[in-house]
Amino acid sequence: MSTATLPERNDIMRWKVGTLHENWYVAALSTQVDDKTPFASVVLEEPLVLFRDKTGRATALRDRCLHRNAALSGGKLFDGCIGCPYHGWTYDANGACVIVPSEGPGAAPKVERRVDRFPIVEQDGLVWVYMGDVDNAALKAPFRFPHSGEEGWSSYFMLTPFDGDATDLVENFMDVPHTAFVHSGWFRKAGTAKRAEATVERTCDAVHVEYFQPDDSIGFTGWLLNPDGKVMTHTDRFFMPNVTRVDYMWGERRGFVITSQITPIGPDRAMVYTAITFRFGVFNPIARLLLPAYTRVVINQDVAIMVNQTANLKRYGGRRFNSTEADVIHRSIESLRDHALAGGKGAHPASFSKRISFWM
Ligand code: FES
Ligand SMILES: [Fe+2]
C-alpha cells in the first residue's frame, strides 16, 4: 500500500487539529462511489478522489495529478484506473502511475510515480478513510452504525452540508433544550417545558446521556409509530471525535435511532452523514415513505441555526460561552475535543458520572 504519511501541505486543516486527524472519517456513501465516474470528496481540507477498481473495491487517492497537478476527479475511469483530464497520465487504484501518453505506448511505468492512497474501509453503506499516519490506521476501527442491516430495522441516509465547526455541530445534535425553539411544533413544543432528569457520563472518548422523563414524546410518535402507548426511553451518545447517536425506544421492539457522522470539510464547514434507522414493525414501509420529508425539515432547521451561530462566532472572534446545568453535556463534549485539538497534551479529562436536571 502506498502511504499518505508525509504532509504534502502543512497549512491545511488536517495537520492543524492536534490528534483529531488520527481517525476514520466518512468520505462518501457507498452508493456515491462506482467505476464509471470519479467522486470528489474533501476531508479536513484534503481533496480526495474515490472510485472502484475492476473487482469493485473502493479506493481513495489524493486528488492531484503528479504531472501538472490537475484534479484527477475531473478525469475518466476505465479498466479500474483513473485518467487525468489534462494530459492523460493514468493511475491504478493503488495510486501507481501506469500510463504516461507522452512517453509512448511501450514506456515502462516508473515506480516513483505514485499518488498517495488513503487507508479505506467500506461498511454499513459508508466509505471511510483514515486521515492520520497510515501506520496508525489499523489501531482504530471506524464507528459501526447501529442496527445496520439488522432484521426488523429499516434505514436511510441523509447528506447535509452544514456550516459549523464539528464541536458546535456535535453539541447541536446532542442538544435537547433547542428542540422546543429551533424545531417548535415539529419535535417539541415551546411553552410546554417539563423538568427532566438525566445522567451524564464522560469516559475517555465518549459522552453518554440517559434521560429520565417518562412522559416525554417527540413530534411524530402518535398512533402511527407508537400504537401501544409505550413509555419512551431516550439516550444521547457522543463518540470521539465526530459521531453522535440518539436513541428513542418504545419498549424493546420499537425504536428510532439518529446517527450522525460529521466530516469536516474545512474549519467552518462540514458534510454530515445522518442515518435514520427505525423499527416500527408493520409500519416500517409507511414510515420509510413519510419520514424522509419530516427529517429533512427538522435537519434544515438545524442547518439554519448553525448558519446563524457560525456567522456570529466568526463575527465575534470565537467562543465565549455561558453554561447552565443542561450544558454539562456540552462542556463534556468540548473537553474531549479540545484535549484532542491540543494534541492530547496535558491531563486527559477525567471520567465522571453526574445526575443533572433541567427544563425541556
Ligand atoms: S496534469 Fe495530469 S496529465 Fe498533465
Ligand atoms: Fe436540532
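The values are calculated or read from the model by the stated rules, or taken from the named source; none is laboratory data. Please read these numbers as outputs of a predicted model, since none were measured by experiment. No Cβ is skipped: glycine too gets one built from the backbone with ideal geometry, and neighbour counts run over all protein chains shown. For the accessible areas, the whole protein counts, side chains as well, though only heavy atoms, and no ligand, DNA or RNA atoms are used. Shrake-Rupley method; radii C 1.70, N 1.55, O 1.52, S 1.80 Å.
List of remarks:
- Matching entry among THR295, THR263, THR277 (being touching a residue at least 40 places away in the same chain (Cβ under 8 Å), closer than 30 Å to VAL17 by Cα and hydroxyl-bearing (Ser, Thr, Tyr)): THR263
- Looking only at segment 14-55, and only at residues there that are open to solvent by less than 50 Å² (accessible area, probe 1.4 Å) and small (Gly, Ala, Ser), the one that is farthest from the chain's Cα centre (by Cα): GLY18
- In segment 167-178, the residues that are in the same structural domain as ARG337 (by TED's automatic domain parsing) reach residues that are among the basic types (Lys, Arg) with C-beta atoms within less than 6 angstrom, at least six apart or across chains, in these pairs: THR167/ARG337.
- Scanning segment 301-328 for residues that are over 13 Å from ASP165 (Cα atoms), free of Cβ contacts under 8 Å to residues at least 40 places away in the same chain and either within 16 Å of ligand 1 (Cβ to nearest atom) or not small (Gly, Ala, Ser) (or both) returns ARG315, TYR316, ARG320, PHE321, ASN322, THR324, GLU325, ASP327.
- There is at least one residue in segment 98-115 that is touching a residue at least 40 places away in the same chain (Cβ under 8 Å), in contact with a Gly (Cβ under 6 Å, 6 or more places away or on another chain) and open to solvent by 30 Å² or more (accessible area, probe 1.4 Å).
- Exactly one residue out of THR37, THR19 is among the hydroxyl-bearing types (Ser, Thr, Tyr) and within 27 Å of ASP268 (Cα to Cα), and it is THR19.
- Within segment 56-74, the set of residues being assigned to a loop (DSSP other than H, G, I, E, B) and within 27 Å of the chain's Cα centre (by Cα) comprises GLY56, ARG57, ASP63, ARG64, ALA71.
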